[in-house]
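Okay, so here's the structure we're looking at.
The values are calculated or read from the model by the stated rules, or taken from the named source; none is laboratory data. Small disclaimer: the values here were computed from a predicted structure and weren't measured. Reconstructed Cβ throughout: ideal geometry from the backbone, glycine too, with neighbour counts over all protein chains shown. Heads up: the accessible areas ignore ligands, DNA and RNA and are worked out on the full protein's heavy atoms, side chains in. Shrake-Rupley method; radii C 1.70, N 1.55, O 1.52, S 1.80 Å.
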Amino acid sequence: MKNGRNSNFRTYLLGVMILVMSASLFAAGSIYDFTLNSIDGKPMPLADFKGKVILVVNVASRCGFTPQYSALESIYEKYKDQGFVILGFPANNFGSQEPGTNAEIKKFCSAKYNVTFPMYAKVSVKGDDQTPLYKYLTESANPNVAGEIKWNFTKFLVDRNGRVVQRFEPETTPDSPQVTSAIEKALKQ
């Protein structure tokens with residue numbers, strides 16, 4: 001009888017440990033927990049990109065970094081068949097450099113930079129109206145990449161498991177060796 005009680009107690013403890021671990025994992029959240037509207041106004045869950053390496057970028061049409069759209073499209077074309085995607089999030093938080101409507105932004109990106117990677121509707125990446133995705137990215141996704149967004153074209157690299165693994169500030173171009181080597185490393189995992 002004693003062995004039966006010990007076995008039941010061990011099973012009970014194991015069950016409690018699994019519940020606690022599951023709760024902490026769920027509380028931590030994931031990039032896949034967010035659904036935002038596409039630039040066309042339709043819900044586009046980030047869960048649609050499970051299993052891909054993702055580069056999340058806050059973009060703007062009237063910024064000194066706007067030419068990075070060309071490099072973003074270039075690396076998207078280079079790596080998309082290997083399971084890579086870029087998600088563009090227009091934001092008007094810095095110097096009113098993204099004042100247009102979603103339709104105007106889409107037209108600009110298409111006409112000027114031939115953007116084919118997925119674009120989302122305009123969001124706020126900081127301040128009182130910060131979208132929950134950017135709150136997650138800047139506060140709880142990974143302490144190594146936490147911190148307020150400083151300007152347009154901040155980039156977050158997400159691995160195939162939905163973990164935010166690296167952050168690149170606006171000055172680091174998408175086609176720099178620093179970014180492309182990080183993408184290639186994530187694609188191999």
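Take segment 58-89 and flag every residue that is among the charged types (D, E, K, R) and within 17 Å of F153 (Cβ to Cβ).
R62, E73, listed by residue number.
Within segment 112-145, can you find the residues that are assigned to a helix (DSSP H, G or I) and free of Cβ contacts under 8 Å to residues at least 24 places away in the same chain?
Of everything in segment 112-145, those that are assigned to a helix (DSSP H, G or I) and free of Cβ contacts under 8 Å to residues at least 24 places away in the same chain turn out to be K135, T138, E139.
Kindly indicate whether S61 is in contact (Cβ under 8 Å) with a residue 24 or more places away in the chain and open to solvent by less than 60 Å² (accessible area, probe 1.4 Å).
It is true that S61 is in contact (Cβ under 8 Å) with a residue 24 or more places away in the chain and open to solvent by less than 60 Å² (accessible area, probe 1.4 Å).
Out of the residues in segment 64-79 meeting the condition of being in a loop (DSSP other than H, G, I, E, B) and open to solvent by 10 Å² or more (accessible area, probe 1.4 Å), tell me which one is farthest from P177 (Cα to Cα).
This residue is G64.
So, in segment 119-142, exactly how many residues are at pLDDT 95 or above, closer than 19 Å to I86 by Cβ and out of contact with any Gly (no Cβ under 7 Å at 6 or more places or on another chain)?
Here the count works out to 7.
Can you say whether V57 is more than 15 Å from V125 (Cα to Cα) and in a strand (DSSP E or B), as far as the supplied structure shows?
Spelling it out, it is not the case that V57 is more than 15 Å from V125 (Cα to Cα) and in a strand (DSSP E or B).
Filter segment 80-113 down to the residues that are open to solvent by 70 Å² or more (accessible area, probe 1.4 Å) and over 21 Å from K52 (Cβ atoms) and list them by number.
Within segment 80-113, S96, T101, A103, E104, K106, K107, A111, K112 meet the criteria.
Have a look at T138, T131, T154, T172 and point out the one that is out of contact with any Phe, Trp or Tyr (no Cβ under 6 Å at 6 or more places or on another chain) and under 14 Å from A71 (Cβ atoms). Please lay out each step first, then the result.
Details: T138 fails: under 14 Å from A71 (Cβ atoms); T131 fails: under 14 Å from A71 (Cβ atoms); T154 fails: under 14 Å from A71 (Cβ atoms).
Of T138, T131, T154, T172, the one residue that is out of contact with any Phe, Trp or Tyr (no Cβ under 6 Å at 6 or more places or on another chain) and under 14 Å from A71 (Cβ atoms) is T172.
It is to be established whether one or more residues within segment 161-171 are in a loop (DSSP other than H, G, I, E, B) and crowded, with 19+ Cβ neighbours inside 10 Å.
yes
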